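The structure under discussion appears below in the form of structure tokens.
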Amino acid sequence: MPEPQWLDDREARAWEALLWMSRTVELALDRQLQRDAQIPHASYGILVALSRREGQAVSMGLLAEMLGWSQSRLSHAVARMEEAGWVRRVASPTDKRSNLAQLTEAGRAKLTEAAPGHVEAVRHLVIDALEPEQLDALTEIGEAVIRRAAGLLGDAVPVKRILDDRGPAG
């Protein structure tokens, strides 16, 4: 096996900045949503994804794909959200073997409650921290890395859907 091409200091710094940016933004957004709306960031993402779909419902399999989650992780999250009354599972009208996750009225209300503070936090943490050129560069960088990573994952990640739909915001 050939010797790996180790990262130099500049490359290591860029890699660590990417990792820590992702981790700290995720943590800050989760804390903001928990504090202000009593909802985890992951659950907020599910509500957003459902709100963007026709009928505010989507198959559990497609929802897991949209979020980049395993079926098991999604099933547990949806179960907790069902208990809160934000989501319900309904039989798929086109595939009797699968269920749809559907946004409830309470889920729409929770999203409406949580969205303003969340958008304000996203703007504060990322958008307002960058110059317009940096924002454009961040978009280009993100899309390039998504395409490259998706190449390693094959069909496990629907790159076109990620780049076209952008999945759940936030």
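Here, each number is a calculation from the coordinates, and none is a lab measurement. These figures come from a predicted structure and were not determined experimentally. All Cβ positions, even for glycine, are placed from backbone atoms using ideal geometry, and neighbour counts span all protein chains on display.
Based on C-alpha pairs under 8 angstrom that are at least 6 apart in sequence, the chain has a relative contact order of 25 percent. Here the translational diffusion coefficient of segment 19-165 follows from Stokes-Einstein with Rh set to the Kirkwood radius across Cα pairs; for 25 °C and 0.890 mPa s it amounts to 148 µm²/s.
With 0.36 nm allotted per residue and the present C-alpha distance subtracted, the T24-T139 stretch has 39.6 nm of extension available. Between V126 and E105, what FRET efficiency comes out of the Förster formula 1/(1 + (r/R0)^6) with R0 = 30 Å and r the beta carbon distance, rounded to 0.05? Calculated value: 0.45. Within the listed set S72, S59, S92, the Gaussian network model of the chain (springs between alpha-carbon atoms below 10 Å) gives the highest mean-square fluctuation for S72.
The HN-Hα couplings worked out from phi for segment 71-86 by the Karplus form 6.51 cos²θ - 1.76 cosθ + 1.60 (θ = phi - 60°) are 4, 5, 4, 5, 4, 5, 5, 5, 4, 5, 6, 5, 4, 6, x, 8 Hz, whole numbers, x standing for Gly and Pro.
For the chain, modelled as a GNM whose springs connect Cα atoms under 10 angstrom apart, the maximal fluctuation among A101, A14, A57 occurs at A14. Label separation (W15 vs E3): 1.6 nm, computed from points 7 Å beyond Cα along the C-beta direction.
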